[in-house]
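A quick write-up on the structure given underneath.
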Amino acid sequence: MAASTSTEATLAGVRRAERLWRSRQIIRFGFLQYLSANPPAIVLATIWPRLIFQTVFWVMLGYVAAGSDGATFAYVGAIATALTYGGIAGMSDVPVDDKFAGTYTRLLVGATPPTPVFFGRGVAQLTASVVEMLVCLVAAGLVTGQWRTMLALIPLLPIYVVIALSMSAAGLACASFCVGKRAEVAIYNGLTYLVILCCGALIPPGTLAALDVIGVVLPVSHGLVAVRSALDGGPWLAQVLLEVLVGLGWLALAYVLFQVQAARSRRTGSDSFS
Amino acid sequence: MIGTDVLLPRRQRLWNGIGVLLVCARFQMAEIRSSWIIIAVTVFQPIVFLLITLLPSADRSAAAGTRVAVGVALSVSWAATAWGAASVLRRERAMGTLARALAGLVDARLIALGKGLGAAMLSNVWALATLAVTLIALQQPVSFAHPGALLVGYVVLIASGSAIGLLIGSVFVVTRYGAQVSAFLTFPVILLGGMLIPSNLFPPPLSWLSALISLRWLQEFLVTSAVGSPNYLALEVAVLLTVAYAVGGIWLFGRIAQKARRNGSLDLY
């Protein structure tokens, strides 16, 4: 009896170690895939400058609309919207790459099901989105003369990281929608623009009720309320918890949708994602 | 790059060229209609830009609305041009027809220019329709003082977009990262082109750079045409810049395509 328990414990340990090894390999593959599609030279020469210009554009638009206060308001929000590039558009590419390469069939029959594979590969996009946000925070802050706000935001970066996590969770859910359709570009752009429009990053909450209502279930909205409140010395914890809740909701949705897509593909043989 | 057309009389060559241009424009329009990216650029983007620019603004007069609407229309037109040009050769590469298109009997520049023209025409029409619906939904007044001048401005805009498309298309012949390059170009031009951000807010070196962007001058011409007296000098500058883009694009595209054909490296990208 004792020998049997010891064998089971050893087997469980081996399985755990193997799962850990697989997880590390999947995450590592995600980074390799990211670097293959976006080599450092391309990141430095195109992706970062594009995001910096985008952030500067939003800040200057805020200035044109509402003067210095408008610029500061837009700067705080534009930093968060920079996360949409890696968190939503990049994340959508995770399953879409398999779609184009015709390798989804292999994932379906692999030892690790597609859902954890996509979640693991998404870590690279999440990391890239956080780095991109930090680049925009510093570069756009200096270019637009928002360095005081930039310095004030540094202690609040953990809230932005929470926003990045919830954004990536929403990105994964968006990616799962892209699996079954050939409209991935419209789907991830649609969610990106919805976040930019409704999360209170560039249009102050209360301007148009419909935008606020949609924003409640979108990433960024609650996190930004927390950041703005913390900047004014007000409470922020409740809003951060709401942001976490929104992120978990999107993550659960992503999990269910990926599972459903995989089950459907196994049942119908629609391996090329319709 | 000239092909066997060189043996035909000049007039015949001209008509053949126009024919190729129009066929390619028609092909590209058919392709765009089945592509989802155009929805993102010409439907989502104008709505978002318009709302972000108009809603926080205190000035909702017809003059301010016109300035913003023209700015958004030109910004979206530019984004569509960059993506349209990107999609032209990306599709050729994905389908394995890039080498054939660049090494065929028909001058590849006519193909790229025609496809750019088709992309510019269709995307501008879609963007204008979206803008019209959004402006009506927002009950935002705008002016149309000189519709004829506005039409002329739009013809120059489409020509300018096609010419720039040829320049951007050159990038796709030499790199597989053309999508990132064209995505990178979107915001700098929207920012520096003075369409939504007045160019007097930029420091001198950047405002000089802004003067080299045809959209900046078209913005001035279209806004002045819409609200009162058209600034034809701005139109002339825009036309001159468009001609310069076209000449530059024809030269660069021809040179790059020739080099890629000579090295036999087209299928590597």
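Given contacts defined as C-alpha pairs under 8 Å and at least six residues apart, what's the relative contact order of chain A, whole-number percent? Before the final figure, lay out the partial values.
Numbers: 346 pairs, mean separation 61.7, N = 274.
It comes to 23 percent, rounded to a whole number.
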May I ask for the angle, rounded to the nearest 10°, between helix A:237-268 and the longest principal axis of chain A, with both axes built from Cα atoms and the value confined to 0 to 90°? 40
Could you work out [θ]222 nm for chain B from helices alone, using -39500 (n - 2.57) per DSSP H run of at least four and dividing by all its residues? Round to the nearest 500 deg cm²/dmol. -26000 deg cm²/dmol
Name the most mobile residue of A:T55, A:T84, A:T72, meaning the one with the largest mean-square fluctuation, in a Gaussian network model of chain A with Cα contacts below 10 Å. A:T72
Please work out the Cα center distance from the range B:15-61 to the range A:213-246, rounded to the nearest Å. 35
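Highest first, please rank the peptides B:68-80, A:143-155 by the mean number of other Cβ atoms sitting within 10 Å of their residues.
Numbers: B:68-80: 26.2, A:143-155: 15.5.
Result, highest mean first: B:68-80, A:143-155.
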Phi-based couplings in Hz for the range B:242-255 (Karplus 6.51, -1.76, 1.60; Gly and Pro marked x): 4, 4, 5, 4, 4, 4, x, x, 4, 5, 5, 4, x, 5
Over the Cα atoms of the range A:22-268, how large are the radius of gyration and the largest Cα-Cα distance (Dmax), in Å? 18.2, 58
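Averaged over its residues, how many other protein chain Cβ atoms are within 10 Å of peptide B:190-202's Cβ atoms? Show your work: numbers first, answer last.
Details: counts 4, 7, 2, 0, 0, 0, 5, 7, 2, 0, 0, 3, 1.
If you average over the peptide's residues, the count of other-chain Cβ atoms is 2.
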At a threshold of 8 angstrom on Cα-Cα distance, excluding pairs fewer than six apart, so keeping six or more, what relative contact order does chain B reach in percent? 26
Compute the helix-to-body angle for B:62-95: its Cα long axis versus the longest principal axis of chain B, expressed 0 to 90° and rounded to tens. 20
Angle between chain B longest axis and helix B:147-174 axis [Cα atoms, degrees, rounded to 10]: 40
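Can you tell me the dipole magnitude for the range B:132-269 around its Cα centre, using point charges on the Cβ only (Lys, Arg +1; Asp, Glu -1), in Debye to the nearest 20? Write out the running numbers ahead of the final one.
Details: 6 positive and 3 negative charges, 110 e Å.
Magnitude of the dipole: close to 520 debye.
Each value in this text was obtained by applying a stated rule to the coordinates, not by laboratory testing. Owing to the predicted nature of the structure, the values given are computational and were not obtained by experimental measurement. All Cβ positions, glycine included, derive from the backbone under ideal geometry; neighbour counts span all protein chains shown.
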